[in-house]
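Undergrad: Could you have a look at this structure, given as structure tokens, before my questions?
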Amino acid sequence: MLSAEKIVVALCMTSKNWDEVYSKIKNKQKLNSQEVENIYSSIIERYKVITICSPDYPEFFKKLEKPPFCIFINKETKELSCGNRIVI
């Protein structure tokens, strides 16, 4: 069974915008399990991913009208000492 995180990442990578991702989730679009696994595997090789389903998803993003479904953090980027801020 696919995890919510894998599904959200795959939807983000195969959709054009926030509304399209939301629509696919709302309508419970059927997904090809192998395709989802392939997309997820290729992404986590390069990025740390925090999805809206993750327990470490920033609380303040949840308050946005259209919160990002996924936050991609380049694994090669050194952590920035910006306190509790996220720079986009």
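Undergrad: What's the total number of residues in region 46-60 that are outside any loop (DSSP other than H, G, I, E, B) and either under 10 Å from the mean Cα position of the chain (by Cα) or touching a residue at least 24 places away in the same chain (Cβ under 8 Å) (or both)?
TA: Going through region 46-60 one residue at a time, the tally reaches 6.
Undergrad: Condition first: within 22 Å of GLU76 (Cβ to Cβ) and among the hydrophobic types (A, V, I, L, M, F, W, C). Now tell me which residues in region 32-63 satisfy that.
TA: Once the filter is applied, which keeps residues that are within 22 Å of GLU76 (Cβ to Cβ) and among the hydrophobic types (A, V, I, L, M, F, W, C), region 32-63 yields ILE39, ILE43, ILE44, VAL49, ILE50.
Undergrad: Right, next: Please specify each residue of region 53-76 satisfying the condition of being surrounded by fewer than 18 Cβ atoms within 10 Å (Cβ to Cβ) and either of a type in the set (A, V, I, L, M, F, W, C) or in contact with a Leu (Cβ under 9 Å, 6 or more places away or on another chain) (or both).
TA: CYS53, PHE60, PHE61, LEU64, PHE72, ILE73
Rule-based calculations on the coordinates, nothing more; no lab input. Note that the structure is a prediction, hence the values are computed from the model and not measured. For neighbour counting, all protein chains shown are included, and Cβ atoms are generated from backbone atoms with ideal geometry for every residue, glycine included.
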